[in-house]
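Only one structure is covered here, and it is reproduced in the block below.
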Amino acid sequence: MFFVLSLPVAVVVYVGNMASSDVHVRICEQEILKYDLEIKALIQDITGCDGPHSRLTELNTDVKKSFHNLRLRIQDLEQMAMEQDKESDKQALITQVEGHRKQMLSNQTAWRKANLASKLSIDNMEKQALLNRGDSAVRQRKMTKEGLAQTTSSITENLMSISRMMAQQVQQSEETVSTLATSSKTVQETNEEFKTMTGTIQLGRKLITKYNRRELTDKLLIFLALALFLATVLYILKKRLFPFI
């Protein structure tokens, strides 16, 4: 979009002739033209701005500054027109001021349109970027969920394996406890048998001791009986063979 400063030809020629006699008016006109060109260039930059919003804000700040300076210079030119001695010079400068103000209003309209278009373009690009990031985030979340599902499945399998191992260990422990209980019962029964055998042995020992004592007594009685018998035999023989003794 290009803007051309439109001024009446007769007025431009007249002001050019008058500028040779009034240096301040010429300087003011040059500054007005400079700010006008700055504004047009900034409007072009705003039209081509593709973001971010901070860059658009900076351009708008520069435009506002240029509009402020342009407005001040137009007011200065209007003040100079009021100070002219000749009515013709006064009317020529007032006409020039009106032309500058119309051009400034045209620039303001173009500025607003460029802002709207640029903001719409930036918003669309940001929305598209958000959609792209959203799709990427969705894909990433999907991949993350799949990874979590695989991890969960692996953990579940590990837990099931550990549970089976623990069940086997418990079963082995139960078998070991059962074996120990059986062994303990066998040992207890053996101990009871040993106790019974010990009682029987002790009883047999008592009986053997009793029998030994009785054998000794029997031997002693037999010896006494034998001695008595021999004494009796000797006595009988003595009486028969040696009656005189």
Hey, does segment 72-79 have a residue that's open to solvent by 70 Å² or more (accessible area, probe 1.4 Å), among the charged types (D, E, K, R) and modelled with pLDDT under 95? no
When the residues of segment 184-220 are narrowed to those that are open to solvent by 80 Å² or more (accessible area, probe 1.4 Å) and polar (S, T, N, Q), which ends up farthest from the chain's Cα centre (by Cα)? ASN212
Tally, over segment 71-88, of residues that are under 60 Å from the mean Cα position of the chain (by Cα) and charged (D, E, K, R): 1
Among the numbered criteria (1) surrounded by 13 or more Cβ atoms within 10 Å (Cβ to Cβ); (2) aliphatic (A, V, I, L, M); (3) modelled with pLDDT of 90 or more, which single criterion is violated by VAL15? (3)
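What are the residues in segment 89-116 that are open to solvent by 60 Å² or more (accessible area, probe 1.4 Å) and within 60 Å of the chain's Cα centre (by Cα), if any?
Of everything in segment 89-116, those that are open to solvent by 60 Å² or more (accessible area, probe 1.4 Å) and within 60 Å of the chain's Cα centre (by Cα) turn out to be LEU105, ARG112, LYS113, LEU116.
So if I check each of LYS64, LYS119, which one is among the charged types (D, E, K, R), touching a residue at least 24 places away in the same chain (Cβ under 8 Å) and open to solvent by 90 Å² or more (accessible area, probe 1.4 Å)?
Exactly one residue qualifies, and that residue is LYS119.
The values are calculated or read from the model by the stated rules, or taken from the named source; none is laboratory data. Worth saying up front: this structure is predicted, and the values here are computed from it rather than measured. Reconstructed Cβ throughout: ideal geometry from the backbone, glycine too, with neighbour counts over all protein chains shown. Quick note on the areas: whole protein, heavy atoms, side chains included, nothing else; ligands and nucleic acids left out. Shrake-Rupley method; radii C 1.70, N 1.55, O 1.52, S 1.80 Å.
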